[in-house]
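Please read the structure below before turning to the comments.
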Amino acid sequence: MSNTSRANERRKHKRIEAREGAFAVLTSDSAYRFGKIINLSHGGLALRYFSLNGQIMDSDEDFSECEVDIFFGTNEFKLGKVPIKIICDYRIAEDVSLSMRQKCLQFKSLTLDQAKKLEYFIWHNQND
């Protein structure tokens, strides 16, 4: 069985590809990370970002207590301050001084309002 199959079996929610223009900002008290949402579900999302010289640049401690803001377009949609847990961070591609990385995030407890906004975001912004 492949690693991808095992990962899919562990997920409680089906992931969908995000439509172009879906972004997120991961924030903590001491650091932030801006990136493009690759896929998402009711349980979490995958975020791609760039890093200088292949470094993660932020230690796990920088994001031990963190949140993610999800948005689409300039003023179309924003879901803020969603508490998350970082599941993994790995390199996708590398150039001389820049590398593309991906963080996989799991949502922690959502408020009722956040859950409704997330449902709306998934419903209206999935890639057809």
Hand me the list of strands (runs of 3 or more DSSP E) wholly inside region 1-66 holding 3 or more residues that are modelled with pLDDT of 90 or more and of a type in the set (D, E, K, R). none
Members of region 91-101 that are farther than 17 Å from Arg33 by Cα, in a strand (DSSP E or B) and of a type in the set (D, E, K, R): Glu94
In the set Cys104, Cys88, the lone residue that is in a strand (DSSP E or B), surrounded by 15 or more Cβ atoms within 10 Å (Cβ to Cβ), on the phi < 0 side of the Ramachandran plot and not hydroxyl-bearing (Ser, Thr, Tyr) is Cys104
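The values are calculated or read from the model by the stated rules, or taken from the named source; none is laboratory data. Note that the coordinates shown come from a computational prediction; the quantities given were computed from them, not determined experimentally. So basically every Cβ, Gly included, is an ideal-geometry build from the backbone, and we count neighbours across all protein chains shown.
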